[in-house]
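The values are calculated or read from the model by the stated rules, or taken from the named source; none is laboratory data. This one's a predicted model, so the numbers in the text were calculated from it and none came from an experiment. So basically every Cβ, Gly included, is an ideal-geometry build from the backbone, and we count neighbours across all protein chains shown. With ligands, DNA and RNA removed, areas are computed over all heavy atoms of the protein, side chains included. Shrake-Rupley method; radii C 1.70, N 1.55, O 1.52, S 1.80 Å.
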Amino acid sequence: MGDLISLAERRAAHPEPAAGPAAAGARAARVTFFFDLCSPWTYLAAERADRVFPGARWRPATGRALAGPAPGGRAGPAGRAADARAVRAAAERRAVELGMPLIWPERWPDMGAGAMRVAALAAEHGVAPAFVLAASRLAFCGGYDLEDPEIIAEAAAAADLGLDEALAAGGERRRDVGMRRTALGLARRGARELPVVVVDRLLFAGERRLAEAAAAAAAPPDERRRRSARPR
């Protein structure tokens, strides 16, 4: 699986701006990255988030609990199939822009509940970035099923999570409640899509806003306070 989930050559072919200033600011700011492993947008954002926000907290949130349409999609249960097609097309266009491979798991978008529960466990242990990077690469770079215990075990191993503990967490439905509450809290603050980056009190929703969030993290603390105090 190693060759399938490695993005080193892709990153070398499509270099991104240096993360130095943003990284320095991120250490001073309180940064939280909210994600949903079932979303291709998490896969497309996670690599950059890991680089430009060192030391950030990573927290899972249930994307379907957010109100409103996803990028390229349409709100409402009746439009779910159409939404999935639109999101798929939008994500494929964005992957081309970023120079990233994108392979769809067969069961997408109905997948990943167990993996998200393990992600919650990884967040508790402070190793969510490693787990998310491995799981999202396996899903959207390799096309593997995130409901497969072997795939969950592979991602857990990348994050140094104990196999038995990880597999047990995958079946703990109680974890769904906390992730849904997290998403609803983001929705109350105006978020309508994941991933979300919160820099101190500033919220940036959507994969395309990562650069804006990085700039906010690199700004002086007084500037962040002024921005958070502005009427919205």
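Shown here for the stretch 104-176: GluC sites (Glu not before Pro) in loop regions (DSSP other than H, G, I, E, B) with at most 16 other Cβ atoms within 10 Å, namely E106, E147, E172. For the stretch 120-213, trypsin sites (Lys or Arg not before Pro) are listed when DSSP marks them as loop and at most 16 other Cβ atoms sit within 10 Å of their Cβ; the list is R173, R189, R192, R201. Across the accessible surface of the stretch 111-232, with the other protein chains kept in place and a 1.4 Å probe, carbon and sulfur atoms take up 50 percent.
Take the stretch 130-232 with all the other protein chains still there, run a 1.4 Å probe, and you get 50 Å² of accessible area per residue.
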